[in-house]
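Reading through the structure tokens given below for one structure.
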Amino acid sequence: MTTLPQLVHSTERGGTIHKYELTGGKSSFLRFLGCYLGSCKFCNDLDEANEYVKSIETKS
């Protein structure tokens, strides 16, 4: 059974970071999805996702 994505953080400008548990074979992986205005990226940890959202928000 897979779990639903969970909202971990949202920014004042509307960026979001969700936590995903992904399974592959016999292993489970925890990944974070950083998004802002339709631009999204899967990241390996929360810090990487935060940096991505900050960088994409400053470009807009």
Exercise for the section: Restrict the check to segment 38-47 and report whether at least one residue is at pLDDT 95 or above, touching a Lys or Arg at 6+ places or on another chain (Cβ under 7 Å), loosely packed, with under 13 Cβ neighbours inside 10 Å and assigned to a strand (DSSP E or B). Expected result: no
Problem - Residue count for segment 10-30, restricted to those that are touching a helix residue (DSSP H, G or I) at 6+ places or on another chain (Cβ under 7 Å) and either in a strand (DSSP E or B) or surrounded by 15 or more Cβ atoms within 10 Å (Cβ to Cβ) (or both) - result: 2
Completion exercise
Of the conditions (1) within 12 Å of the chain's Cα centre (by Cα); (2) loosely packed, with under 15 Cβ neighbours inside 10 Å, the single one that Tyr52 does not satisfy is (2)
Practice task
Given the conditions (1) surrounded by fewer than 16 Cβ atoms within 10 Å (Cβ to Cβ); (2) touching a strand residue (DSSP E or B) at 6+ places or on another chain (Cβ under 6 Å); (3) part of a strand (DSSP E or B), report the number of the one that Leu33 does not fulfil.
Solution key: (1)
Exercise for the section: Write out, first by first residue and then by second, each pair whose Cβ atoms fall under 8 Å of each other, whose residues are 6+ apart or on separate chains, and whose first residue, in segment 15-36, is more than 16 Å from Ala49 (Cα to Cα) while the second is surrounded by fewer than 16 Cβ atoms within 10 Å (Cβ to Cβ) and of a type in the set (Asp, Glu). Expected result: Ser28/Glu21
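What do you reckon, is Lys54 in a strand (DSSP E or B) and not polar (S, T, N, Q)?
Numbers: in a strand (DSSP E or B): no; not polar (S, T, N, Q): yes.
It is false that Lys54 is in a strand (DSSP E or B) and not polar (S, T, N, Q).
The values are calculated or read from the model by the stated rules, or taken from the named source; none is laboratory data. Note that the coordinates shown come from a computational prediction; the quantities given were computed from them, not determined experimentally. Please note: Cβ atoms are built from the backbone with ideal geometry, for glycine as well, and neighbour counts cover all protein chains shown.
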